[in-house]
Amino acid sequence: MGQETLWQRFLDWLNSLFVTAPAPAPSNPPQPTRNPEPPGPPPQPFERSVLLIVFNPHIPSEGGKPLLEVMGWNSPALLAQSYAAHLQDSSAGFARYSIVQTVEVDEIPVKADGYQYTPDELLGVLRNRGAGAHQPDTADYEQILMDFNIPEMVDAGQIDEVWMFAFPYGGFYESRMAGPGAFFCNAPPLGGAGGAGTRRYVIMGFNPERGVGEMLESFGHRCEDTLRRVYRSKTGEANLFERFCRYDQKYPGAAEVGTIHFAPNSQADYDWGNPRMVPSRCDTWLNFPDLGGAARPVNCVDWGSGDIRLHHAWWLRRLPHVSGETGSIRNNWWGYIIDPESVE
């Protein structure tokens, strides 16, 4: 049994530990081959240290049980472990995240306007599908940064990134950037305490009600905004990320990999299970920087027949991660995505 098969089985086992609902059975999507490296050494693995914060208030009306137990949600620790493993696999071993500190908090994040749910009030909102939820919903990120001394930890090199788990209506964006020169990363950049320090860093916001597929989607949007910024001065065919994102509905007959929401043949957001055949050059990106390959017919079978996790892993594997430069931009796009300090 090959090493890649063992690794994929390990990832599938991790994912199976917290599947919340049965997904459409994938039809054995073809597994991509690894990129042939151009001349020169491949990018070295990049280590990133993570602070994991889990907001898990105890609920008085439920005998003081923690919210995660009351709701029967997934384990944030297992979700984070599988998420890190998927990113390492999708980047061909380049992105290596390690959780160096985990803090579980018996609290509910305060909103930016100062409002804070009581535990029983929050439980009522959750059980009533958002009825009575406070607006505006956004959490007070600056208070969280100060409460956990996050800018100081980043500046001291103790952590490079923050992953936070809360709950629906917890007020977190999927990703948000802080630090000097922070830019839009699926959310407005943080100011105030969020602009302090000497380094940029990303704060990911996750929901333990969901699975690893949704976590990879959050990361995918982070990829999109980061690479749009990297390629913002490039136009036409020189904007390789715009080319990477082409899908048939928008570029008939000229699909490539698509976006995190739109597969090559998608006709609407999240349409990852569409059986319609279209020509696509999605596999050409496995040979980057050689993009001279021909299109081939593809449909949902190629990326998991509608399975969110399989589609997003398929999409992430096609992000270039080889040595060298093309048009003054590094061929290893993952370096920009996981190290915002490297983005001009």
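Computed log10 I(q)/I(0) for segment 175-310 at 0.10, 0.19, 0.22 Å⁻¹: -0.40, -1.12, -1.28, from the Debye equation with unit scatterers placed on every C-alpha and solvent omitted.
Could you tell me which residue out of Ala84, Ile108, Val154 lies farthest along the dipole of the chain toward its positive end? Charges go on the beta carbon: Lys and Arg +1, Asp and Glu -1, centred on the Cα centre. Of the options given, the answer is Ala84. DSSP finds beta bridges in the chain, and of those with both partners inside it, around 40 percent are antiparallel.
Legend: calculated FRET efficiency, Ala133 to Glu47, from the Cβ-Cβ distance at R0 = 45 Å, rounded to 0.05, equals 0.70.
Quick one: with all protein chains in place, what share of the accessible area of the chain is carbon or sulfur, to the nearest percent (1.4 Å probe)? Intermediate values should be presented prior to the final figure.
Numbers: 7460 of 14540 Å².
Here it works out to 51 percent.
Annotation note: chymotrypsin sites (Phe, Trp or Tyr not before Pro) in segment 89-123 located in DSSP loop regions with a Cβ neighbour count of at most 14 within 10 Å are Tyr115.
Among Val257, Val154, Val100, the largest mean-square fluctuation in a Gaussian network model of the chain (Cα springs under 10 Å) belongs to Val100. Hey, what D do you get for the chain in µm²/s if you plug the Kirkwood alpha-carbon radius into Stokes-Einstein at 4 °C and 1.567 mPa s? D, rounded to a whole number, is 61 µm²/s. Across segment 149-211, Cα-Cα pairs farther apart than 13 Å form 61% of the total.
Counted over segment 114-206, the DSSP beta bridges are approximately 45% antiparallel.
Each part reduced to its alpha carbon centroid, segment 206-230 and segment 273-296 end up 23 Å apart. Build a GNM of the chain with springs between Cα atoms under 10 Å apart, and of Ser280, Ser61, Ser98 the one that fluctuates most is Ser61.
The chymotrypsin sites (Phe, Trp or Tyr not before Pro) found in segment 220-316 that occupy coil by DSSP, while having at most 14 further C-beta atoms within 10 Å, are Tyr270.
Rounded to two decimals, what ratio of Rg to Rh does segment 41-136 give with C-alpha atoms and a Kirkwood Rh?
Numbers: Rg = 17.7 Å, Rh = 15.9 Å.
With Rh from the inverse mean 1/r over Cα pairs, Rg/Rh is 1.12.
The values are calculated or read from the model by the stated rules, or taken from the named source; none is laboratory data. Source: prediction; values computed, not measured. As a convention, Cβ positions derive from the backbone with ideal geometry for all residues, glycine included, and neighbour counts pool all protein chains shown. The accessibility values were calculated without ligands, DNA or RNA, using every heavy atom of the protein model including side chains. Shrake-Rupley method; radii C 1.70, N 1.55, O 1.52, S 1.80 Å.
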